[in-house]
Amino acid sequence: MKKTNAAFSNSFKLKRTNSNNPDFKSLIVLLDQDLHKINGELMLIYSPHNIIEPIETVVIAYMDDTPVGCGCFKKLDANTTEIKRMFVTENQRGKGIASAILTELELWAAEIGYTHSVLETGKRHHEALNLYNRFGYAAIEKYGPYVAIEESICMGKRLVIGG
């Protein structure tokens, strides 16, 4: 697994891994708990779409060897990845970790030839919406399982190759 240091901070490190990583699995449990707090009963609609099949493109952030954040992407089509399962533990938010994870995911996707990235978030996820807007994601037509979900906001952007 390739390890990289985030340019955002010296206090955490990023690791490229896969969905079998036990740290990723433990972070996903925390993510799902966080989503239930925010979304409540809407999780009955969202949960079936949050299952991650085996995936080789996971990034985990570590602070002092403790996993504090994650994200991944999966192939949507030949040119497009979908960002999934972005999460930073509550006590580590506001430190640039989510930005570093998203940057690493975009770089990795571009390295292996993807030219576009899309994602879905919910109307109630203000921190996520702010992050994605800062990174140049813009609203797109709802896709896949999100077409019929009123709370869903789908976003996309063209990946910049080499920077």
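The values are calculated or read from the model by the stated rules, or taken from the named source; none is laboratory data. Keep in mind it's a predicted model, so treat the numbers as computed, not measured. Cβ: placed from backbone, ideal geometry, glycine included. Neighbour counts: every protein chain shown. Heavy atoms of the whole protein, side chains included, go into the accessibility calculation; ligands, DNA and RNA do not. Shrake-Rupley method; radii C 1.70, N 1.55, O 1.52, S 1.80 Å.
For region 108-116, the condition of being under 14 Å from the mean Cα position of the chain (by Cα), over 21 Å from K15 (Cβ atoms) and open to solvent by less than 20 Å² (accessible area, probe 1.4 Å) holds for none of the residues.
Does Y132 satisfy being among the hydroxyl-bearing types (S, T, Y), farther than 16 Å from R85 by Cβ and either surrounded by 19 or more Cβ atoms within 10 Å (Cβ to Cβ) or within 16 Å of the chain's Cα centre (by Cα) (or both)? Here the answer is no, as Y132 does not meet what is asked.
Pairing each residue of region 117-145 that is closer than 23 Å to T57 by Cα and assigned to a loop (DSSP other than H, G, I, E, B) with any residue that is at pLDDT 95 or above and not aliphatic (A, V, I, L, M), provided the two are 6+ apart or on different chains, yields C-beta distances under 6 Å for G136/K157; Y137/K157; Y143/C154.
Scanning region 100-111 for any residue that is touching a His at 6+ places or on another chain (Cβ under 7 Å) and closer than 20 Å to K75 by Cβ turns up nothing. Kindly provide the set of residues from region 65-107 that are part of a loop (DSSP other than H, G, I, E, B) and without any contact (Cβ under 8 Å) to a residue 12 or more places away in the chain, ordered by number. Once the filter is applied, which keeps residues that are part of a loop (DSSP other than H, G, I, E, B) and without any contact (Cβ under 8 Å) to a residue 12 or more places away in the chain, region 65-107 yields D65, D77, A78, G94.
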